[in-house]
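A short worksheet on the structure shown next.
The values are calculated or read from the model by the stated rules, or taken from the named source; none is laboratory data. Computed from a prediction, not measured in an experiment: that's the story for all the values here. Backbone-built Cβ (ideal geometry, glycine too); neighbour counts: all protein chains shown. Heavy atoms of the whole protein, side chains included, go into the accessibility calculation; ligands, DNA and RNA do not. Shrake-Rupley method; radii C 1.70, N 1.55, O 1.52, S 1.80 Å.
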Amino acid sequence: QATLEDEDSITSASINTLNKIDFLYGRIEVRARIPSALGSWPAIWMLGTNKSETGWPACGEIDIVEILGMNNPGNQINATLHWQDPNAGGPLNHAEFGDTYNLSSGNFDDQFHVYSLIWKENQIQALVDDQVYFTISTTSANLSEFRERFYLIFNVAVGGNSVGSPNASTIFPKY
């Protein structure tokens with residue numbers, strides 16, 4: 001087990017399919033046991049393969065599932081889409097839409113679950129264990145990013161502005 005005193009042994013990890021395999025529509029399923037801990041940010045997500053040309057958020061982002069390890073006790077997941085919208089204002093004209101799913105008992109790191117994305121030309125849905133918890137219509141011209149090819153990313157980020165830092169109660173490795 002690593003503790004905060006062993007800070008050099010705590011790191012983030014990421015695997016992606018860029019330049020290996022990408023997707024345009026279909027169903028993607030990942031069976032995973034996702035860790036949750038204060039200061040961790042595990043996610044299964046996708047970015048547009050044109051990111052190097054357009055930048056983010058213009059390439060689009062599909063968060064199939066993520067656990068924000070701030071004050072989340074591990075029973076809540078999120079699915080979110082991010083894109084560039086000229087009407088959004090703010091930095092980079094970033095727009096987003098998402099939803100959450102809460103387990104009625106237990107935590108997502110207690111057992112394996114199946115996280116799915118059903119991606120059609122006009123709609124995107126996220127599911128956990130075949131239960132739809134997020135749906136968005138992508139017919140708007142402002143959502144054209146989601147009619148392009150995307151690649152997958154699997155990661156467990158540790159620390160950062162969005163989730164804070166691990167503290168003395170955070171135990172690594174999780175399993």
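So, in the stretch 112-136, exactly how many residues are within 19 Å of Glu96 (Cα to Cα) and among the aromatic types (Phe, Trp, Tyr)?
Count: 3.
Under 6 Å between Cβ atoms, which residue pairs at least 6 apart in sequence (or on different chains) link something in the stretch 86-114 that is under 20 Å from Thr138 (Cβ atoms) with a partner that is among the acidic types (Asp, Glu) and open to solvent by less than 90 Å² (accessible area, probe 1.4 Å)?
Close Cβ pairs (under 6 Å, with a partner that is among the acidic types (Asp, Glu) and open to solvent by less than 90 Å² (accessible area, probe 1.4 Å)) amount to Asn93/Asp85; Ala95/Asp85.
Of the numbered conditions (1) open to solvent by less than 10 Å² (accessible area, probe 1.4 Å); (2) at pLDDT 95 or above, Val114 fails exactly one; give the number of that condition.
Condition not satisfied by Val114: (1).
Residues are listed down the side, and each one gets a yes or a no for (1) under 23 Å from Leu24 (Cβ atoms); (2) among the β-branched types (Val, Ile, Thr):
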| residue | (1), (2) |
| --- | --- |
| Asn93 | no, no |
| Thr100 | no, yes |
| Gly106 | no, no |
| Asp129 | no, no |
| Ser140 | yes, no |
| Glu145 | yes, no |
| Arg149 | yes, no |
| Gly164 | no, no |
| Asn167 | no, no |
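Could you list all residues from the stretch 125-155 that are more than 20 Å from Leu68 (Cβ to Cβ), open to solvent by less than 30 Å² (accessible area, probe 1.4 Å) and in a strand (DSSP E or B)?
Of everything in the stretch 125-155, those that are more than 20 Å from Leu68 (Cβ to Cβ), open to solvent by less than 30 Å² (accessible area, probe 1.4 Å) and in a strand (DSSP E or B) turn out to be Phe150, Tyr151.
Could you say whether any residue in the stretch 161-168 is surrounded by fewer than 16 Cβ atoms within 10 Å (Cβ to Cβ), at pLDDT below 95 and over 20 Å from Ala43 (Cβ atoms)?
Looking through the stretch 161-168, at least one residue is surrounded by fewer than 16 Cβ atoms within 10 Å (Cβ to Cβ), at pLDDT below 95 and over 20 Å from Ala43 (Cβ atoms).
State all residues of the stretch 87-101 that are open to solvent by 80 Å² or more (accessible area, probe 1.4 Å) and under 22 Å from Met46 (Cα atoms); if no residue qualifies, say none.
Across the stretch 87-101, the qualifying residues are Pro91, Leu92, Glu96, Phe97.
Looking at the stretch 89-99, is at least one residue at pLDDT below 95, assigned to a loop (DSSP other than H, G, I, E, B) and more than 14 Å from Ile124 (Cα to Cα)?
Yes: one or more hits.
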